[in-house]
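What follows is a set of notes on a single structure, which appears directly below.
All of the numbers you see were taken from the coordinates with simple rules; none came from a lab. Just so it is clear, the structure is predicted and the values come from calculations on it, not from any experiment. Note that we place each Cβ from the backbone using ideal geometry, even for glycine, and neighbour counts take in every protein chain shown.
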Amino acid sequence: METDRGLISNPPFTIRFGDRRIDIYDDEVKELYQQLKKKFEYEEKLQHETKIDKLIRRSTTLGYVEYEDTLIPVGYKLISIKESNPKNGKSIHYYHYFKDSRGNFGFLIKNGMTKPFAKIGKIEDPNSILWKVLHVFPTTKSIPKSFFVNKGVVSNNQRIKAIIDVLLLEGYLREKRKPNSKIIHYLVTQKVNELEFENSIEPLKVQNSPTRTR
């Protein structure tokens, strides 16, 4: 059949709107299909909004903001990302460190999945774990970070790594590598002298912990 559209091999597709009928042809059918497909996909996406999307939207009003695939408290800014030193074939963990305008620190760990954000306080605050670690740190010798886990100052290896990394970033510690040893030791720097370890503050009860002279 010859029409003003050229030679048409297929009959028109008829759309009915009540008593109205509209005939459209192949190229118009395809265009209409693409438009309808986009519309329905968008509506389906809204209807099947993921739980994390809902959580993020709700949490924004509760003092949290989105950071990659998780949430962190409002006001914390990324300051560094450090890798773990995997042992015995274990996978690498990525430690993300944050700091807010008041000097409070926090971190989270990513390794396939993301562990929740953890606060570790402010270095100058006697109630923070950062301050407590510096409070029992030897002034005259280097020690490995495992010292603090073994003595019960810090609960686990991941947490003490985060604490040591922050104290390195802020200049309170420096690394010391011993010959023929893969274990890194740490020394305090002169910056520790800026902190006031008052006698009125009860010292940590750590078995065999080194004494400080300040």
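Taking θ as phi - 60° and the Karplus parameters 6.51, -1.76 and 1.60, the scalar couplings of the range 98-104 work out to 10, 9, 9, 5, 8, x, 7 Hz in sequence order, x denoting glycine and proline.
Using every pair of alpha-carbon atoms in the range 59-142, split the distances into 5 Å bins beginning at 0 and state the percent of pairs per bin, rounded to integers. The distribution over the range 59-142 is 3, 13, 19, 19, 18, 15, 8, 3, 1, 0, given as percents. Scanning residues 5 or more positions from V153 or on other chains, none has an amide H under 5 Å from its amide H, with H placed 1.01 Å from N in the peptide plane. Determine the shape class of the range 105-160: with a ≥ b ≥ c the square roots of the Cα gyration tensor eigenvalues, call it rounded for a/c under 1.5, and otherwise prolate if a/b is greater than b/c, oblate otherwise. Judged from the Cα gyration tensor, the range 105-160 comes out oblate (a/c at least 1.5, b/c at or above a/b). Taken along the Cα-to-beta-carbon direction at a fixed 7 Å, the label points for R20 and N193 span 8.7 nm. Placing R0 at 30 angstrom, the Cβ-Cβ distance between L78 and E175 gives a FRET efficiency of 0.85 after rounding to 0.05.
Taking Lys and Arg as +1 and Asp and Glu as -1, the other residues whose beta-carbon sits under 12 Å from that of S101 total +3.
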